[in-house]
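> Input: one structure, supplied below.
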Amino acid sequence: MARRRIAEVLADLERDGTLAPEQRRVVEERLEAALDARAGASSRFIAILMTLGSVLVAAGILYLLAYHWTDLAKGTKLAIVFGTLAALHGAGFALAVKPGGRANLGIAFTLMGVLAFGAAIGLVAQIYNLHAHYPWAVCAWWLLSVPILLVTRSRAVLVTVLALFLLWAGWHAGVWIEGLGSHMYERGLLAGFGLLAPGIAVFLAALAQACAGTRLASFSGPLRGAVRPLAVLGPFLLAFREPWKTYEQHGFSWESRTDIAAGHFLPFALAIVPGLLLLGWETLRDRSGRSSSSDRGVVEPWIVAGGALFLAASLWVEPRSLFVGANALLLAAGIGWSWLGVRTGSAATVYFAVFVFVATVVARYFEYLWDKLEGAFAFLSVGALLVAAGFLLDNRRRALKARLAQGRA
Amino acid sequence: MKIAIQYLLALVPPFAALGWIVAREEWTRSHGVEVRLEVRAYDPMDALSGRYMAVPLAISRLSLSELAPPGTDIRNGDDVFVALRPGDPFWTAVSVSKVEPGEGVFLRGLATWVQSVGASTIDFGLDRFYIPDQGGDPSRRDDGFLADRRLTAVVRVTDTGRASIVDVLVDGEPYASWNAKRHAPR
C-alpha cells in the first residue's frame, strides 16, 4: 500500500514539473532497492525466529516423550524414534521442496530433524544400555547430518553441524588427552586444546575457501566466522607462563616427555594436515586461475596455518618460551587484523582485533600483577584500567569508523 | 538428480546407522551367550543424560601383570580381549590379551588406564543400566552410602566379544521387579 502511494506521489511530482522523468525513474529504482533490502532483513529475521522455535519444539518433544518413556514397550519406543525422525524430515521436504512454497518453515523442520537425530541416538543408547568411552554418538550426530546439509544447503543446518563438530572434536580430544597419562595432565590439556583450536581453524578456513564460488558459496561466511575465534583461542590458552614454569625450574629432557608429547600433537595433526592439503589445493587452483571463486582469500588462512605450526614447533622444541611466542602471536594478530579491517573497510574485523588485544592485555595484567597486589588494590587498579582502556578504545573506534565511512564514500 | 531422490539418499546414513545399532543389539541379545558378571560399585557417579545406574563391573579392574601373558605390552587405548570362565554366581576373568582368543567366551574392551602394578581399568561399554526417573538405585542406600546388596549384570556376549547388558539382578532378583516391590503399597 505504501509503495502504491509513493508511486502516486512521484507521478504527481513529475506531472507538475518538480521531478524530471529521468529523476523519477532513478528515485523509483532506489526506493525499490531500499524496500527490498528491508524485506530481505525481514525474511532473515523470520528465518532466525523459526530456527529458535524449532530448537524449542525439538526440546519439548524430547521432554514429552521422556516423561512417559519408561512405561512404553521397546517396539513402541523404537517406532516413536524412527517415526518422529521420518515425520520431521518429511515435513521439511514437503514444506521446502515439494509441494514447497514455505522454505523457511521447511528448513525449520529439517533442522528439527537434525537435532532430533541426536535425541534418537541418545534414546536408542538408553533402550539398549549403550555407553562408549569416546563420544562416538556426537561424532555420528554431526557426520551423518552432513548429507542433509549438502542437499538443503541451509546455513542454519550448517551452523548446527559445525557446532556439533566442534563439540565432538573438543570432547574426543579431551578424552584422548586424559588417557595419555598424568605427568603433564594440565599442561597436556592446554597443549592439546591450544594446538587443536588453530588446527581446526586452518581446516575450516580451507573449507570456506573451497566452498566459495561453488553451489555451497553460502557456507563460506559461517565457516569463516568460526576461523578467527578458533585461531586466537590456541595462542590465548598457551600464553600463560605459569603452567610451563616447571620446565624453567626443573628443566626437561626429551627422553622423559617424548612419549607423552607425541600423543598430544595427534589431534592437532589430524585437524591441520587435511586443512593444509585442501588449502594448498585451493591456492594452486587460485593461482592457475581455474578457481571460479570470486573471493581469493587464501592469504589469511595461510597466516593462521603459519601461526599454528609456529605454536606446535615452540611446544615441541622449547616449551619454556612457548608463552612468549603465544603472546607475540596474539599481539601480531591484533595489529594485523586492525590493519586488515581498516584496509578492507570491515568494522567487524577491527572490533575483533581490538577484542583480541584487550583480552591479551587484561589476561597478562591479571597473571603478572595478581600476586603482587593486595586483592582490593588489584580490583581497583584493574577496574580503573578497564575504564580508561574502554574510553581510549571507544575514541579510537569512533575515529576508525569515521575513517571507514569516509573511505566508503 | 531429482531433489526428492537427493533428500532420500541424504536420509539414508542417519536411518541406516540407527537401524544398524538396533539390529546389532537385537542380534546380540538373541544370539549371545548369557554371562553373569559381578557388579562392584566403588565410585559414585552422576547421571549425565537420562537417569542411569552405574554398574562398574568387577572385571573392569584387572591386574594385567597376573592375567596377561608375559611380554604383552598393553597401553592406554589398546583393544583387549578378556577371556571368561563360567562360575556361580559370577563368571570370572581368566586371561587378558591383545589377540582375540580362538575359543571360549570373551569380552572385547578398551584399556583406558593401564598400570604396571595394581589394577588396570578396562572399559567394556557395559557400565550403565538405565533406570526409570523415579526408580531406585540398588547400589546405594537411602542415605546415599553404598548398599550391601549383591548386584549382578546379566550380559549377552557374541562370539566376537561384543556384549550387551540386558538386566541387573539385585540379590538375584531382576531390577524391574525389585524396583516395583520398592514402590508397592505396604
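Nothing in this text is a laboratory measurement; each read-out follows from the coordinates by a stated rule. Because the structure is a prediction, the values reported are computed rather than measured. Here the Cβ positions follow ideal geometry from the backbone for every residue, glycine too, while neighbour counts run over all protein chains shown.
> Rank these for me by crowding, B:Leu8, A:Leu322, going from fewest to most other beta carbons within 10 Å.
Working: B:Leu8 14, A:Leu322 27.
The most exposed by this proxy come first: B:Leu8, A:Leu322.
> Quick one: in region B:106-171, what % of C-alpha pairs are over 16 Å apart? Please list the in-between numbers first.
Details: 1332 of 2145 pairs.
Distances greater than 16 Å cover 62 percent of the Cα pairs.
> Mind telling me which of A:Ala239, A:Ala210, A:Ala79 comes out most flexible in a GNM of chain A, alpha-carbon contacts under 10 Å?
Largest GNM mean-square fluctuation: A:Ala79.
> Dipole of chain A, Cα-centred, from +1 at each Lys and Arg C-beta and -1 at each Asp and Glu C-beta, to the nearest 20 debye? Please list the in-between numbers first.
Working: 36 positive and 25 negative charges, 204 e Å.
So the dipole magnitude of chain A works out to roughly 980 debye.
> Could you work out [θ]222 nm for chain A from helices alone, using -39500 (n - 2.57) per DSSP H run of at least four and dividing by all its residues? Round to the nearest 500 deg cm²/dmol. All intermediate terms of the calculation are to be shown ahead of the outcome.
Working: 15 runs with 335 residues, N = 409.
Value at 222 nm, helices only: -28500 deg cm²/dmol.
> Of the candidates A:Phe193, A:Phe93, A:Phe45, which one comes out as most mobile in a Gaussian network treatment of chain A with C-alpha springs shorter than 10 Å?
A:Phe45
> Normalised by the residues of chain A, what does the relative contact order come to in percent, with Cα pairs under 8 Å and at least six apart? Spell out each step's value before the answer.
On the way: 383 pairs, mean separation 45.5, N = 409.
RCO, chain A: 11 percent.
> Using 7 Å Cα-to-Cβ label points, what is the A:Val382/A:Asp16 separation (nm, one decimal)?
Roughly 6.7 nm, to one decimal.
> Let me ask you something else. For region B:1-154, what ratio Rg/Rh do Cα atoms give with a Kirkwood hydrodynamic radius? Can you show the working numbers first?
Values: Rg = 19.4 Å, Rh = 18.1 Å.
Ratio of gyration radius to Kirkwood radius: 1.07.
> Hey, can you grab everything whose amide H is under 5 Å from the amide H of B:Arg149? Only 5+ residues off in sequence or another chain; H modelled, so Pro and N-termini drop out.
none
> Taking the Cβ-Cβ separation of A:Ile6 and A:Arg44 as r and a Förster radius of 25 Å, what is the calculated FRET efficiency to the nearest 0.05?
Details: r = 24 Å, r/R0 = 0.96.
That gives a FRET efficiency of 0.55.
> Here's another thing I want to ask about it. Give the order of A:Leu115, A:Leu385 when sorted by the count of other beta carbons within 10 angstrom, beginning with the fewest. The partial results should precede the final answer.
On the way: A:Leu115 23, A:Leu385 14.
Least to most surrounded, the residues fall as A:Leu385, A:Leu115.
> With chain B treated as a Gaussian network of Cα nodes joined by springs under 10 Å, which of B:Ser97, B:Ser116, B:Ser63 yields the largest mean-square fluctuation?
B:Ser116
> Just need the Rg to Rh number for region A:120-243, please, alpha carbons only, Kirkwood Rh.
Working: Rg = 16.7 Å, Rh = 16.1 Å.
In region A:120-243, Rg relative to Rh is 1.04.
> Please report A:Leu49, A:Leu105, B:Leu107 as a ranked list, fewest other C-beta atoms within 10 angstrom at the top and most at the bottom.
A:Leu49, A:Leu105, B:Leu107
> Then there is this: What's the whole-number percent of alpha carbon pairs in chain A lying beyond 27 angstrom?
Details: 54748 of 83436 pairs.
So the pairs more than 27 Å apart make up 66 percent of the total in chain A.
> As a check on your grasp of the helix formula, calculate [θ] at 222 nm for chain B: sum -39500 (n - 2.57) over DSSP H runs of n ≥ 4, divide by the residue count, round to the nearest 500.
Details: 3 runs with 42 residues, N = 186.
Theoretical 222 nm ellipticity from helices: -7500 deg cm²/dmol.
> Please list log₁₀ I(q)/I(0) at q = 0.16, 0.19, 0.22 Å⁻¹ for region A:54-152, using the Debye equation with identical point scatterers on the alpha-carbon positions.
-0.72, -0.96, -1.17
> What does region A:180-226 give for Rg and for Dmax, in Å, if only its C-alpha atoms count?
When restricted to Cα atoms, region A:180-226 yields Rg and Dmax of 15.5, 49 Å.
> With a Förster radius of 45 Å, plug the Cβ-Cβ distance of A:Ala132 and A:Ala332 into 1/(1 + (r/R0)^6) and report the FRET value to the nearest 0.05. Don't jump to the answer; show the numbers that get you there.
Numbers: r = 41 Å, r/R0 = 0.91.
Calculated transfer efficiency: 0.65.
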